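Comments concern the structure below.
The values are calculated or read from the model by the stated rules, or taken from the named source; none is laboratory data. Just so we're clear, the structure is a prediction, and the values are computed from it rather than from any experiment. Reconstructed Cβ throughout: ideal geometry from the backbone, glycine too, with neighbour counts over all protein chains shown. For accessibility, only protein heavy atoms count, side chains too; no ligands or nucleic acids. Shrake-Rupley method; radii C 1.70, N 1.55, O 1.52, S 1.80 Å.
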Amino acid sequence: MGHSGTQGFHSLGTNILIMVLFTFGLFTRVTSVLTWLAVIGYIHRTQQVLFGMDTMMNILLIYLVVGDSGAALSVDRLVARCRAVRASLARTGTIDAGTRAFLDRPPPSSGAGLGVRLIQIHFCFIYLAAGLSKLKGPGWWNGQAFWDVMVNPEFTLMRYAWFEEFVRGLASVKPLYHAGAAFGVWFTWGLEVSFPFLVWTRLRPVYVWMGVLLHAGIAESMMVSTFSVQMLLWASLFVPWREGMPET
């Protein structure tokens, strides 16, 4: 192996180590930035194999740098808890009320709130751009775009006999074929265009669930599970997961 090959191997190993540390939440303020830089390098060096998941991952990493991504479920949090206990014992000989509150949950973080809000806003822009761009494609006007996805053998379930029989049966009944194609198009386009505006209203639970159905359907029918999982994670940030958590 030449010098450049050895250097590249060492660089890859270093990047993987940094990502592992960031995944476990160790030194997250530093490893988050280094992970983002490693992903940027990967994106610029492998343009020929990129797709939507890589773009979403890069965007999400930016906001994980902005927010305090290591404040809760991380090694950094465990270290901070241990330090708080030791400091409290050194001060008072016991675990005081303030320390107990810190151990119960991380303190509020303006950085985390900003990161969550930026992800939500960016998610809305992604949906709106995706919906409006579909208006330029004739396949989204005549319903063919949805059907082309259903029958594409490269990344759908057409390799299964039961799915092929289902598609053929659906195509043989023209009213069902046109109704299915129209529903798929209008559901996808309508959700993407209206989501950025109506998700901030009382319809938020409805729109979050429709987003879940959309990306679960994409994962199941198009076999792009990693992309769908990322988009589901983005959508989950519209849900206040914990009691007492500020409404987002």
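Considering segment 155-205, and only residues there that are of a type in the set (D, E, K, R) and assigned to a helix (DSSP H, G or I), the residue that is farthest from GLY131 (Cα to Cα) turns out to be GLU165. Candidates are the residues of segment 199-234 that are of a type in the set (Phe, Trp, Tyr) and under 17 Å from the mean Cα position of the chain (by Cα); the one that is most open to solvent (accessible area, probe 1.4 Å) is TRP209. So, in segment 33-69, exactly how many residues are farther than 26 Å from GLY113 by Cα and either modelled with pLDDT of 90 or more or not in a helix (DSSP H, G or I) (or both)? The total comes to 3. Has segment 72-86 got any residue that is closer than 24 Å to TYR207 by Cβ and under 25 Å from the mean Cα position of the chain (by Cα)? Within segment 72-86, none of the residues are closer than 24 Å to TYR207 by Cβ and under 25 Å from the mean Cα position of the chain (by Cα). Among helices (runs of 4 or more DSSP H) entirely within segment 70-147, having at least 1 residues that are open to solvent by 60 Å² or more (accessible area, probe 1.4 Å), at pLDDT below 85 and under 27 Å from VAL20 (Cα atoms) singles out 110-134.
Beta carbons closer than 6 Å, at least 6 apart along the sequence or on distinct chains, pair a first residue in segment 71-89 that is in contact (Cβ under 8 Å) with a residue 12 or more places away in the chain and within 12 Å of PHE24 (Cβ to Cβ) with a second that is part of a loop (DSSP other than H, G, I, E, B) and open to solvent by 30 Å² or more (accessible area, probe 1.4 Å) for VAL75/LEU26. Applying the criterion of being of a type in the set (Ser, Thr, Tyr) and closer than 20 Å to ALA219 by Cβ to the residues of segment 148-198, the residue that is most open to solvent (accessible area, probe 1.4 Å) is TYR160.
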